[in-house]
Amino acid sequence: MRWLVFICLFFAANAEAQLWKDYKLNANNDTLNRIDMKGRKQGPWINRYETMRGEPGYEEEGWYKHNRKEGEWRLYSLMGDLVGTENYKWGLKDGICRYYNNLGQLRLEQSWLAMNPDKEFDTLEIEDLDKLDTYRTVIVKNEGAAIKNGFWKYYDAETGTLLRTENYVVGKLEGEKNESVKVLEKKAGAKPKEVMDFEKKYSGKKKVKVKDGSTN
């Protein structure tokens, strides 16, 4: 019976090896840190960063999809304490990210909006801060990075007291002028060329309502 189990495990491991260009095995013989035949990171991963130039080291574990981080990632100190949770879409931060001290107390909460890196521009519907449940359509140029969007909360790491809150609307602190956002005016008049090109290319695409940076 043992030889049969051994043969099954051998063929299973051989089949797994043929799927990946490179990978690691954990204590349960599960595959981690997979590299597919196209050289892309896929599936469950653990990244380790050593202490450097005074910055504390940490480990992060989560999921890659076609070389991009996807879903929830958890950050741990090198001592094994949970120090953060981050959410990703298209390899960029998206939604709520939280960071803790070594005692598990919340010290920072961030809200992000990921933009599809395969698009040069994207359309969003932004809530009008002066009119409840009223939205305006904007086109945002993709700068290749996640955008601050929603509430950022800063806490006292020792007492847990909320120190201050900042509200970002598509990358800009509330009240600041945002030059990267082009409002689609309903009145007659010429639109910027990049806006017209975008509308022509992505006409009929589903728009996204953005309120607080959540991914729901």
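The values are calculated or read from the model by the stated rules, or taken from the named source; none is laboratory data. Computed from a predicted structure; not experimentally measured. Reconstructed Cβ throughout: ideal geometry from the backbone, glycine too, with neighbour counts over all protein chains shown.
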Among the residues of the stretch 63-79, is any over 22 Å from THR165 (Cβ atoms), modelled with pLDDT of 95 or more, of a type in the set (Asp, Glu) and out of contact with any helix residue (DSSP H, G or I) (no Cβ under 8 Å at 6 or more places or on another chain)? yes
Quick check on the stretch 128-142: of everything there that is touching a residue at least 24 places away in the same chain (Cβ under 8 Å) and more than 30 Å from ASP156 (Cα to Cα), which residue is surrounded by the fewest Cβ atoms within 10 Å (Cβ to Cβ)? THR137
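Mind listing just one residue for me: the one in the stretch 103-123 that is part of a strand (DSSP E or B) and over 17 Å from the mean Cα position of the chain (by Cα) and, of those, surrounded by the fewest Cβ atoms within 10 Å (Cβ to Cβ)? Spell out how you get there, then give the answer.
Start the filter on the stretch 103-123 by keeping residues that are part of a strand (DSSP E or B), which leaves 106-113, 121-123.
Still in the running and over 17 Å from the mean Cα position of the chain (by Cα): 106-107, 121, 123.
Working: LEU106: 16, ARG107: 19, PHE121: 18, THR123: 18.
Ranking the candidates gives LEU106 first.
Tell me whether the stretch 112-130 contains one or more residues that are touching a strand residue (DSSP E or B) at 6+ places or on another chain (Cβ under 9 Å) and more than 17 Å from ILE147 (Cα to Cα).
If we filter the stretch 112-130 for residues that are touching a strand residue (DSSP E or B) at 6+ places or on another chain (Cβ under 9 Å), which is where we start, we get 112-117, 120-129.
Now drop any that are not more than 17 Å from ILE147 (Cα to Cα), which leaves 128-129.
Within the stretch 112-130 (the criterion being touching a strand residue (DSSP E or B) at 6+ places or on another chain (Cβ under 9 Å) and more than 17 Å from ILE147 (Cα to Cα)), the answer is yes, since at least one residue qualifies.
Determine, yes or no, whether GLU59 is under 20 Å from the mean Cα position of the chain (by Cα), farther than 29 Å from LYS141 by Cβ and charged (D, E, K, R). Can you show your working first?
Working: under 20 Å from the mean Cα position of the chain (by Cα): yes; farther than 29 Å from LYS141 by Cβ: yes; charged (D, E, K, R): yes.
Yes: the conditions hold for GLU59.
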Scanning the stretch 164-190 residue by residue, those surrounded by fewer than 12 Cβ atoms within 10 Å (Cβ to Cβ) and modelled with pLDDT of 85 or more turn out to be ARG164, THR165
Within the set of pairs 6 or more residues apart or between chains, which connect a residue that is on the phi > 0 side of the Ramachandran plot inside the stretch 103-117 to a residue that is surrounded by fewer than 16 Cβ atoms within 10 Å (Cβ to Cβ) with Cβ atoms less than 7 Å apart? GLY104/LEU82
Of residues in the stretch 124-151 being assigned to a strand (DSSP E or B) and among the aliphatic types (A, V, I, L, M), the one nearest to GLY171 (Cα to Cα): ILE147
Screening GLY84, GLY71 for residues that are assigned to a strand (DSSP E or B) and under 23 Å from VAL169 (Cα atoms) leaves only GLY71
Going residue by residue through the stretch 152-163, is there one that turns out to be surrounded by fewer than 19 Cβ atoms within 10 Å (Cβ to Cβ), in a strand (DSSP E or B) and without any contact (Cβ under 8 Å) to a residue 24 or more places away in the chain? yes
Do you know which residues across the stretch 84-98 are out of contact with any Gly (no Cβ under 9 Å at 6 or more places or on another chain) and not charged (D, E, K, R)? GLY84, THR85, TRP90, GLY91
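Please pick out the residue among LYS89, LYS69 that is crowded, with 17+ Cβ neighbours inside 10 Å, of a type in the set (D, E, K, R), within 26 Å of ASN33 (Cα to Cα) and in contact (Cβ under 8 Å) with a residue 40 or more places away in the chain.
Values: LYS69 fails: in contact (Cβ under 8 Å) with a residue 40 or more places away in the chain.
Every option except LYS89 fails the conditions.
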Quick count over the stretch 40-56, residues being part of a loop (DSSP other than H, G, I, E, B) and either touching a Ser or Thr at 6+ places or on another chain (Cβ under 8 Å) or under 20 Å from TYR88 (Cβ atoms) (or both), is 2
